[in-house]
Amino acid sequence: MICMKTLCARVRSTTRALTQKSSQTPTAAFCVIGDEILSGTTQDTNTRTLASQCFSLGINLQKIEIVPDSRASIGASLVELSHAHTVVFTSGGIGPTHDDITYDAVARAFGDKLAYHSETLQRMRRIMGDTVRARPDPNGTSAERACARMALLPQSARVAFVDDKLWVPVVQVQNVHV
């Protein structure tokens, strides 16, 4: 699941940008991604935090959807939510395992391609150091490639790093924040 510190920082910065553009109350949707949520093996703890943050910042959170680890399901949900709300936040599906397909689903849904984001790879290497079994390397072993896949982002994305101690960026494609 997404680091809540990162998510909360993104909600705050998004709110500032939205309120500068319009006097209307911004609306939000939250797309929670993962078979583990739907099967009950993992409890979603991010929804309450996001709802609380949105409320305290004057964002009207109107919809929460939970979707499986499926490119088609993720993409369809994000496109629909994107058209209906000022801003969309996501949680889940950005790790190194085979079912972490959120970035790819976002790129496909919005007609984009994926590319390695060099700053994300550099931050991953610096912050992870030698403490992990597999360091990110797009040309390395299968474990290193899987790790590097977390830096394979939609090319049109705006990328923001909200904490110097975290390598995980907030990735924005249109009004969707991953």
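List of remarks:
- When residues of the stretch 153-172 are limited to those that are under 18 Å from residue 126 (Cα atoms), in contact with a strand residue (DSSP E or B) (Cβ under 7 Å, 6 or more places away or on another chain) and outside any strand (DSSP E or B), the one modelled with the lowest pLDDT: 162
- The residues of the stretch 43-58 that are without any contact (Cβ under 8 Å) to a residue 24 or more places away in the chain and open to solvent by 70 Å² or more (accessible area, probe 1.4 Å), listed by number, are 43, 48, 55, 56.
- Hits in the stretch 98-124 (condition: in a helix (DSSP H, G or I), more than 20 Å from residue 165 (Cα to Cα) and either open to solvent by 40 Å² or more (accessible area, probe 1.4 Å) or touching a His at 6+ places or on another chain (Cβ under 8 Å) (or both)): 108
- Residue within the stretch 110-117 that is more than 29 Å from residue 48 (Cα to Cα) and either among the charged types (D, E, K, R) or modelled with pLDDT under 95 (or both) present: yes
- Residues being assigned to a helix (DSSP H, G or I) and either open to solvent by 20 Å² or more (accessible area, probe 1.4 Å) or in contact with a His (Cβ under 9 Å, 6 or more places away or on another chain) (or both) are entirely absent from the stretch 85-97.
- Filter result for residue 25 (in a loop (DSSP other than H, G, I, E, B) and modelled with pLDDT of 95 or more): no
- Residue match in the stretch 125-135 (condition: within 22 Å of residue 160 (Cβ to Cβ), in a helix (DSSP H, G or I) and within 15 Å of the chain's Cα centre (by Cα)): no
- The set of residues in the stretch 125-161 that are over 18 Å from residue 99 (Cα atoms), surrounded by fewer than 14 Cβ atoms within 10 Å (Cβ to Cβ) and of a type in the set (Ser, Thr, Tyr) comprises 131, 141.
- Scope the stretch 59-72; condition outside any strand (DSSP E or B), out of contact with any Asp or Glu (no Cβ under 6 Å at 6 or more places or on another chain) and open to solvent by 40 Å² or more (accessible area, probe 1.4 Å); matching residues: 71, 72
- All positions within the stretch 87-118 that are of a type in the set (S, T, N, Q) and under 11 Å from the mean Cα position of the chain (by Cα): 90, 91, 102
The values are calculated or read from the model by the stated rules, or taken from the named source; none is laboratory data. All values reported here derive from a predicted model rather than from experimental measurement. When we count neighbours, we look across all protein chains shown, and the Cβ atoms used for this are built from the backbone with ideal geometry, even at glycine. Surface accessibility is based on the protein's heavy atoms, side chains included, excluding ligands, DNA and RNA. Shrake-Rupley method; radii C 1.70, N 1.55, O 1.52, S 1.80 Å.
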